[in-house]
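Undergrad: Could you have a look at this structure, given as C-alpha cells, before my questions?
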Amino acid sequence: MKKLLVHLLFILVVVGLGALIGVSNVPGHWYQSLQKPPFNPPNWIFGPVWTALYVLIGIAGARLWLQAPASSRTQLWFGQMALNFLWTPAFFGMESTALGLVVIIPLFASILVFIGKNWQPDRVSALLFVPYAVWVGFASLLNLSLFLLN
C-alpha cells in the first residue's frame, strides 16, 4: 500500500505542478508572433505529451524515493525537475528564447545523466526517462531554432 501511495503522490505532484506552471505561463501573442521552423509541432500536442511524460517522470521519481531517498540519483531527479519547472516561466513567462536555452540545455544534460546513472541500478527508471530525453532533445532543437530565427 505504501508503494502505491508514494507512486500516486509523485505522479499527482509532478502532473499538478506541471499543469499549474503551464496555465500560469500560457503562450501568448509573443509566442504566436515568433517565426517558427518548419518542424514546429501544433500547439495542441504539447499538453498531452507533457502530461504523459510527467506521469512517467513521477513513476521514476517514486521508484527512486522508495529505493534510496537520499541518494545522488534521487537528488538528480529533483534537480532535473527544478530545471524542468523553470523552463516554462523562463521561455514563456520572460518571453525569452535565450533564457529558455540557458535552462533547457542543462535540463537535457541532466536527463541524459539521469538515464546513465540509473541504467544499472534501476533500468526501469532509466527507460522511463527515454521518451522524456527524446522530447526534451527535440524541444532543445526547437528552442534553439526559435532563438536563431528571431
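The values are calculated or read from the model by the stated rules, or taken from the named source; none is laboratory data. Everything numeric in this text was worked out from a predicted model, so none of it was measured. Cβ coordinates were reconstructed from backbone atoms using ideal geometry, including for glycine residues, and neighbour counts include every protein chain displayed. What goes into the accessible areas is simple: the full protein's heavy atoms, side chains included, and nothing from ligands, DNA or RNA. Shrake-Rupley method; radii C 1.70, N 1.55, O 1.52, S 1.80 Å.
Undergrad: Taking springs between alpha-carbon atoms closer than 10 angstrom, which of F138, F129, F46 fluctuates most in the Gaussian network model of the chain?
TA: F46
Undergrad: Go through (1) 11, 43, 38, 7, 0; (2) 11, 41, 32, 13, 2, 0; (3) 9, 27, 21, 17, 15, 9, 2 and flag the label whose value is the computed P(r) over Cα pairs in 10 Å bins from 0, in percent for this structure.
TA: Only one option fits the structure, namely (2).
Undergrad: Tell me which lysines have Cα within less than 19 Å of K36's Cα, excluding those fewer than 8 residues away on the same chain?
TA: The qualifying lysines are none; the list is empty.
Undergrad: List the relative contact order of region 1-144 as a percent without decimals, with contacts defined as Cα pairs under 8 Å and 6+ residues apart.
TA: With pairs under 8 Å counted, the relative contact order is 28 percent.
Undergrad: Please check: in the Gaussian network model of the chain (C-alpha springs, under 10 Å), which one of L107, L34, L53 has the largest mean-square fluctuation.
TA: L34
Undergrad: Out of the total accessible area of the chain (probe 1.4 Å, heavy atoms of protein only), what percent is carbon and sulfur?
TA: That fraction is 74 percent.
Undergrad: Please work out the Cα center distance from region 20-64 to region 98-150, rounded to the nearest Å.
TA: Each part's Cα centre sits 13 Å from the other's.
Undergrad: Sticking with this one: To the nearest 20 debye, what is the magnitude of the charge dipole of the chain about its Cα centre, counting +1 on the Cβ of each Lys and Arg and -1 on the Cβ of each Asp and Glu?
TA: 440
Undergrad: Can you give me the P(r) profile for region 45-101? Cα pairs, bins 5 angstrom wide beginning at 0, each as a whole percent.
TA: Answer for region 45-101: a P(r) of 4, 17, 19, 21, 17, 12, 7, 1 percent.
Undergrad: On to the next question. Rounded to the nearest whole Å², what accessible area per residue is found for the chain with the 1.4 Å probe?
TA: For the chain, the solvent-accessible area averages 52 Å² per residue.
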